[in-house]
1. Working carefully through the options ALA40, ALA35, find the one that is small (Gly, Ala, Ser), open to solvent by 20 Å² or more (accessible area, probe 1.4 Å) and in contact with a strand residue (DSSP E or B) (Cβ under 8 Å, 6 or more places away or on another chain).
2. Could you tell me how many of the residues in the stretch 32-66 are in a loop (DSSP other than H, G, I, E, B) and hydrophobic (A, V, I, L, M, F, W, C)?
3. Only one of SER53, SER62, SER84, SER21 is of a type outside the set (A, V, I, L, M), more than 13 Å from VAL111 (Cβ to Cβ) and in contact with a Gly (Cβ under 8 Å, 6 or more places away or on another chain). Can you tell me which?
4. For the stretch 67-91, enumerate the residues that are open to solvent by 50 Å² or more (accessible area, probe 1.4 Å), among the polar types (S, T, N, Q) and not in a strand (DSSP E or B).
5. For VAL113, which of the numbered conditions (1) touching an Asp or Glu at 6+ places or on another chain (Cβ under 7 Å); (2) closer than 16 Å to ALA35 by Cβ; (3) β-branched (Val, Ile, Thr) fails to hold?
Amino acid sequence: QVQLVESGGGLVQAGGSLRLSCVASSGIFSLYVVAWYCQAPGKQRELVATITSGGNTNYADSVKGRFTISRDNAKNTVYLQMNSLKPEDTAVYYCNAALGSLRFWGQGTQVTVSS
């Protein structure tokens, strides 16, 4: 069982930055593929970015060039650096860790971008 705790959300003006963190309780977190998802009110949860155990990354088209996902396996932590934020980025951001058929979710952190 892996427990994920997200932090770093908040209220920011358009054009600003935030860094989200996802800390895992498991010592084998380095083996997991980790992803950030977002869910805006009334919308489905959407994939934002992923990072593999080897550090390969992928991004949704809407965040390419603005968001960066990274991981520090020594700290069991995955980050999402969010720059040039837009009001449409407003959502609850969730961390997901996957290994084979195992999938774990965090509780989410709210990001609100004002215009």
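1. On the way: ALA35 fails: open to solvent by 20 Å² or more (accessible area, probe 1.4 Å).
From the options ALA40, ALA35, the qualifying one is ALA40.
2. Looking only at that region, the number is 3.
3. Every option except SER84 fails the conditions.
4. Result: ASN73, ASN83, SER84.
5. In the conditions (1) touching an Asp or Glu at 6+ places or on another chain (Cβ under 7 Å); (2) closer than 16 Å to ALA35 by Cβ; (3) β-branched (Val, Ile, Thr), VAL113 misses (2) alone.
The values are calculated or read from the model by the stated rules, or taken from the named source; none is laboratory data. Because the structure is predicted, anything quoted here is derived from the model rather than measured. Here the Cβ is made from the backbone with ideal geometry for all residues, glycine too, and neighbour counts use every protein chain on show. Quick note on the areas: whole protein, heavy atoms, side chains included, nothing else; ligands and nucleic acids left out. Shrake-Rupley method; radii C 1.70, N 1.55, O 1.52, S 1.80 Å.
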